[in-house]
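A short write-up of the structure that comes next.
Derivation of every value follows stated rules applied to the coordinates shown; laboratory data play no part. What you see is a predicted model, and the numbers here were worked out from it, not measured in a lab. Neighbour counts run over all protein chains shown; Cβ positions are idealised from the backbone, glycine included.
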Amino acid sequence: MSRPLLFAANWKMHLGPDEARAHLKTFRARYNRREHQDVWFFPPAVSLEAAAQAVRERTDLLVGAQDIYWEPKGAFTGAISAALALQAGARATLVGHSERRHLFGETDEDTRRKVGAALAAGLVPLLCVGETLAERDSGHTLAVVVRQLAAALGALDRAALPRVIVAYEPVWAIGTGRYATPADAAAVHKEIRTWLQGHGSASPRILYGGSVNAKNVAELLAEPELDGVLVGGASLDPEAWAQLVQGGAA
Ligand code: PGA
């Protein structure tokens, strides 16, 4: 049996409710369920409910939030809690995406709180880690990634850790058209896997993200260290996304 693959679409600040419905209608028509393969969608918060409704009859498709705030409720204008995301139909949430870290100043400590809040509410946290170009060039890739893992996940108990999925997304590869070679990605994935296994996650799922497209997905997923991909730009067009998801398992 081949390993289960996860294809995650990060729509970022694109696709409102009507557009999300239309996207998923086309996607559902173009993509039939495949064994051992799941497709997750991370729409903007305003489209969560529409997207969740649009996939409700497909158990292989799931919707998640792009970000949550760790407090359960209260006077936090503009934020959504894990419970609110859940109510809108989310079953997972991204945590610590590089745009949250670098554009919105999210810290390692914030990611720890968000992972905890997601788990407490029953959302699957998909923790994103990755180094900047300067960090890579100075040979600090593994140190940065391990620091991000330790900060976000180090205090979790061993029973909770297996519920966390990690995405390795080198910052220099996101939206740039430059992607890590499968061998480079695999070296980092190995380090992440060793860390997660050492902390109690027996068979962790680790995705690669950063300029994945229909042309490079097969090459990337031929590397067994990659359990799937997290895709931004190439997930926005439903036909192209269906092609990518099909091409990955070819
Ligand atoms: P990209 O984005 O596929 O557009 O590079 C990936 C991501 O930010 O998750």
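Which of Tyr208, Tyr168 comes first, and how do the rest follow, when ranked by fewest Cβ neighbours within 10 Å? Write down the numbers at each step before the final one.
Values: Tyr208 30, Tyr168 26.
Fewest-to-most ranking of Tyr208, Tyr168: Tyr168, Tyr208.
With no solvent and one equal point scatterer per Cα, compute the Debye intensity ratio I(q)/I(0) for the range 136-185 at 0.27 Å⁻¹ and report its log10, rounded to two decimals.
The calculated log intensity ratios at q = 0.27 Å⁻¹ are -1.11.
Among Gly130, Gly233, Gly139, which one moves the most in a GNM of the chain with springs linking Cα atoms closer than 10 Å?
Result for the chain, Cα springs under 10 Å: Gly139 fluctuates most.
Given the options Pro170, Pro43, Pro182, state which has the largest fluctuation in a GNM of the chain using a 10 Å cut-off (strictly under) for Cα springs.
Top of the fluctuation ranking is Pro182.
If the label point is 7 Å along Cα→Cβ of Ala222, which residues in the range 167-208 have backbone nitrogen under 18 Å from it?
179-187, 208
So which trypsin sites (Lys or Arg not before Pro) in the range 45-104 end up in coil per DSSP with only 16 or fewer other C-beta atoms within 10 Å?
On the way: sites: Arg56, Arg58, Lys73, Arg91, Arg100, Arg101; in loops: Arg56, Arg58, Lys73, Arg91.
Passing both the DSSP loop test and the Cβ count: Arg56, Arg58, Lys73, Arg91.
Which lysines have a Cα lying under 23 Å from the Cα of Lys25, excluding residues fewer than 8 positions away in the same chain?
Correct list for Lys25: Lys12.
Can you sort His102, His199 by how many other beta carbons sit within 10 Å, fewest first?
Values: His102 12, His199 18.
Going from least to most buried by this count: His102, His199.
Would you mind getting the Kirkwood hydrodynamic radius of the range 199-238 from its Cα pairs, rounded to one decimal in Å?
11.2
Under a point-charge model restricted to the Cβ atoms of Lys and Arg (+1) and Asp and Glu (-1), what is the dipole moment magnitude of the range 20-59 relative to its Cα centre, in debye to the nearest 20?
In debye, rounded to 20, the range 20-59 gives about 200.
Can you list the trypsin sites (Lys or Arg not before Pro) in the range 143-188 that are in a DSSP coil and have 11 or fewer other beta carbons within 10 angstrom?
Within the range 143-188, the qualifying trypsin sites (Lys or Arg not before Pro) (loop, at most 11 other Cβ atoms within 10 Å) are Arg158.
I'd like the Karplus ³J(HN,Hα) series for the range 221-232: coefficients 6.51, -1.76, 1.60, θ = phi - 60°, whole numbers in Hz, and an x wherever there's a Gly or Pro.
Residue by residue, the range 221-232 yields 6, 5, 7, x, 5, 8, 9, x, 9, 10, 10, x Hz.
Quick check on the range 103-170: what are the equivalent-ellipsoid semi-axes from the Cα gyration tensor, as sqrt(5λ), descending, whole Å?
In descending order the semi-axes read 23, 12, 10 Å.
So how far apart, in nm, are the two label points at Ala134 and Glu57 if each is 7 Å from Cα heading toward Cβ?
5.2
Run the quick spin-label model on His102 and Ala183: label points 7 Å from Cα toward the beta carbon, then report their separation in nm to one decimal.
About 2.5 nm separates the two model spin labels.
How large is the direction-averaged shadow of the alpha-carbon convex hull of the range 177-250, in nm²?
4.9
Treating only the Cβ of Lys, Arg, Asp and Glu as charged (+1, +1, -1, -1), what charge dipole size does the range 1-126 show about its Cα centre? Round to the nearest 20 debye.
400
Which GluC sites (Glu not before Pro) does the range 165-233 hold that lie in a coil by DSSP with at most 16 other beta carbons within 10 Å?
Counting only loop positions with at most 16 other Cβ atoms within 10 Å, none of the GluC sites (Glu not before Pro) in the range 165-233 qualifies.
Based on alpha-carbon positions alone, could you give the equivalent ellipsoid semi-axes of the chain from the gyration tensor, as √(5λ), descending, whole Å?
Each semi-axis is the square root of five times an eigenvalue, giving 24, 23, 17 Å.
For Lys73, give me every one of the lysines with a C-alpha distance below 21 angstrom, ignoring sequence neighbours fewer than eight places off in its own chain.
The qualifying lysines are Lys114.
At 222 nm, what value in deg cm²/dmol follows for the chain if DSSP H runs of at least 4 each add -39500 (n - 2.57) and the sum is divided by all its residues, to the nearest 500?
Details: 10 runs with 98 residues, N = 250.
So the calculated ellipticity at 222 nm is -11500 deg cm²/dmol.
Going by a ≥ b ≥ c, the root eigenvalues of the Cα gyration tensor, does the range 101-219 fall in the rounded group (a/c under 1.5), the prolate group (a/b larger than b/c) or the oblate group?
In terms of gyration-tensor shape, prolate.
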